[in-house]
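Everything on this sheet refers to the single structure shown next.
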Amino acid sequence: MHLLLAEDEQHAGEYLAKGLGESGFVVDWVKTGRDALHQAHSSEYDAIILDVGLPDIDGWEVIKRLRQTQQTPVLFLTARDRIEDRVRGLELGADDYLVKPYAFSELLARVRVLLRRGKQQETDILTLSDLEAHLLRRRVERAGQRVDLTAKEYALLLLFLRRRGEVLSRTLIAEQVWDMNFDSDTNVVDVAVRRLRAKIDEPFSRPLIHTVRGFGYVMEQRD
Ligand code: CA
């Protein structure tokens, strides 16, 4: 089980990463909201533990942006027990919360509940036509053939698959996959899409990624 931990406090972060590691989880620990978003978009996590008080982008904004593309369960940690904070987090799409200070055993129990819940909602395989992305194995296949993708190509493919049928602008793709603003140079997106097409579309008879002239791209099955 792969967890993302976003916690800027050194001591708390070390303690959690160590405790979760000893409980059998693979933990990626980041200290800023920006890094949390970047990690969440470039790797597949089973759950995210998110401190609300982060430097740069705070936890609220992280949940909000995350929920635009993914439903990975989020447990948020708040410093104060205020009803408005809890409600805000849950409204933004968090799945549960804990108030600091908390007992590690309680955090562990809540993470396990989230993981069980998450499994029921989320499928391990995203498919479109004969294209399949196996999330747990990070394996992509088209027409039964394995396709090797770089981390960015994989992130781009997952974005397309999760929002299939939806026209995605170059700016949105740049923000979601690179977590950066490419207003001045969306050529980066075009280059990445071209590479992805060369791997998942060109060797096969029916293309799935389509250009929407002057705007962006859409992934869908067209007859
Ligand atoms: Ca903090």
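The values are calculated or read from the model by the stated rules, or taken from the named source; none is laboratory data. Keep in mind the model is a prediction, meaning the values are calculated, not measured. Note: ideal-geometry Cβ built from the backbone for every residue, glycine included; neighbour counts use all protein chains shown. In case anyone asks, the SASA skips ligands and DNA or RNA and just uses the protein heavy atoms, side chains included. Shrake-Rupley method; radii C 1.70, N 1.55, O 1.52, S 1.80 Å.
Quickly run through the stretch 183-223 and pick out the residues that are outside any loop (DSSP other than H, G, I, E, B) and among the charged types (D, E, K, R). Full working, then the answer.
Step one: filter the stretch 183-223 for residues outside any loop (DSSP other than H, G, I, E, B), giving 187-200, 209-212, 216-219.
Answer for the stretch 183-223, where residues must be outside any loop (DSSP other than H, G, I, E, B) and among the charged types (D, E, K, R): D190, R194, R195, R197, K199.
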Checklist entry - Which of (1) touching a residue at least 12 places away in the same chain (Cβ under 8 Å); (2) within 25 Å of Q39 (Cα to Cα) is the odd one out, the single condition V191 does not satisfy? => result (1)
Checklist entry - How many residues are closer than 21 Å to E9 by Cα and aliphatic (A, V, I, L, M) when one looks only at the stretch 67-93? => result 4
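If a residue counts only when it is open to solvent by 30 Å² or more (accessible area, probe 1.4 Å) and within 16 Å of the ligand (Cβ to nearest atom), which helices (runs of 4 or more DSSP H) contained entirely in the stretch 33-151 have at least 2 such residues?
Numbers: elements: 33-42, 59-66, 83-92, 104-121.
Those helices (runs of 4 or more DSSP H) span 33-42.
Quick one: how many residues across the stretch 5-32 are in a strand (DSSP E or B) and either surrounded by fewer than 17 Cβ atoms within 10 Å (Cβ to Cβ) or touching a residue at least 60 places away in the same chain (Cβ under 8 Å) (or both)? Steps first, please.
Our first condition is that a residue be in a strand (DSSP E or B); within the stretch 5-32, this holds for 5-6, 26-30.
Next cut, either surrounded by fewer than 17 Cβ atoms within 10 Å (Cβ to Cβ) or touching a residue at least 60 places away in the same chain (Cβ under 8 Å) (or both) only: 26.
Final tally of qualifying residues: 1.
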